[in-house]
Amino acid sequence: MEMREGGLDDPRVVALIAHHLAEARGTTPADNAHAMGAEALRRPDISFWALWEGEMLLGIGALRQLAPDHGEIKSMRTAPGHLRRGVGRAILHHLVSLARTRGYSRISLETGTAPMFDAANRMYEAAGFVDGPVFGGYPESPHNRFMTLAL
């Protein structure tokens with residue numbers, strides 16, 4: 001498995017982002033679905049990554065700088081055919097390591113509370129993330145879970 005930065009022009013990546021958006025928005029009320037499309041992920045404060053096995057896309061993730069000492073994990077998604085193979089853990093490990101090299105003292109994330117997010121929530125908990133305060137301008141809601149990890 002190989003992490004590659006970028007890829008937002010690759011149709012396989014764009015398709016996985018579209019799948020991620022459709023599922024997130026299909027299970028979460030519109031005002032509480034905060035997944036980003038490919039164009040939105042091109043912001044200068046976001047670094048986007050894709051995990052590949054040869055030319056097969058396994059998953060995606062991004063790291064957004066919120067402040068000089070605080071990052072946010074965005075757009076974590078494993079390709080449907082590669083679930084339960086450690087793809088999400090590999091992407092999360094990469095993004096946490098990247099946050100450390102940038103000198104962040106903590107990273108946060110927003111995820112859903114619908115059943116489709118259960119596996120992701122367990123993965124974040126296993127990696128040491130704990131429930132934290134609302135951050136980054138998100139509205140508080142029973143449909144969203146805010147987690148943070150001190151680095």
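When you look at GLU110, is it within 18 Å of SER75 (Cα to Cα), at pLDDT 90 or above and in a helix (DSSP H, G or I), yes or no? Judged against the criteria, GLU110 is not a match.
Among the residues of the range 101-137, write down those that are under 14 Å from LEU66 (Cα atoms), open to solvent by 30 Å² or more (accessible area, probe 1.4 Å) and not hydrophobic (A, V, I, L, M, F, W, C). Those that are under 14 Å from LEU66 (Cα atoms), open to solvent by 30 Å² or more (accessible area, probe 1.4 Å) and not hydrophobic (A, V, I, L, M, F, W, C): ARG102, GLY103, SER105, ARG106, GLU110, GLY136, GLY137. Scanning the range 34-89 for residues that are aromatic (Phe, Trp, Tyr) and farther than 20 Å from LEU109 by Cα turns up just one, TRP52.
Of all residues in the range 41-87, those satisfying the criterion of being aliphatic (A, V, I, L, M) and over 16 Å from PRO11 (Cα atoms) are ILE46, ALA62, LEU63, LEU66, ALA67, ILE73, MET76, LEU83, VAL87.
Taking every residue in the range 86-106 that is in a strand (DSSP E or B) and pairing it with any residue that is surrounded by 15 or more Cβ atoms within 10 Å (Cβ to Cβ), at least 6 positions away or on another chain, the pairs with Cβ-Cβ distances below 7 Å are ARG106/HIS70; ARG106/THR148; ARG106/LEU149; ARG106/LEU151. Go through the residues of the range 71-80 one by one and say whether even a single one is open to solvent by 10 Å² or more (accessible area, probe 1.4 Å) and either over 19 Å from HIS19 (Cα atoms) or among the aromatic types (Phe, Trp, Tyr) (or both). Within the range 71-80 (the criterion being open to solvent by 10 Å² or more (accessible area, probe 1.4 Å) and either over 19 Å from HIS19 (Cα atoms) or among the aromatic types (Phe, Trp, Tyr) (or both)), the answer is no, since none of the residues qualifies.
The values are calculated or read from the model by the stated rules, or taken from the named source; none is laboratory data. Keep in mind that this is a model prediction, so the values were computed, not measured. Please note: Cβ atoms are built from the backbone with ideal geometry, for glycine as well, and neighbour counts cover all protein chains shown. Side chains are part of the model used for accessible areas, which takes the heavy atoms of the whole protein and leaves out ligands, DNA and RNA. Shrake-Rupley method; radii C 1.70, N 1.55, O 1.52, S 1.80 Å.
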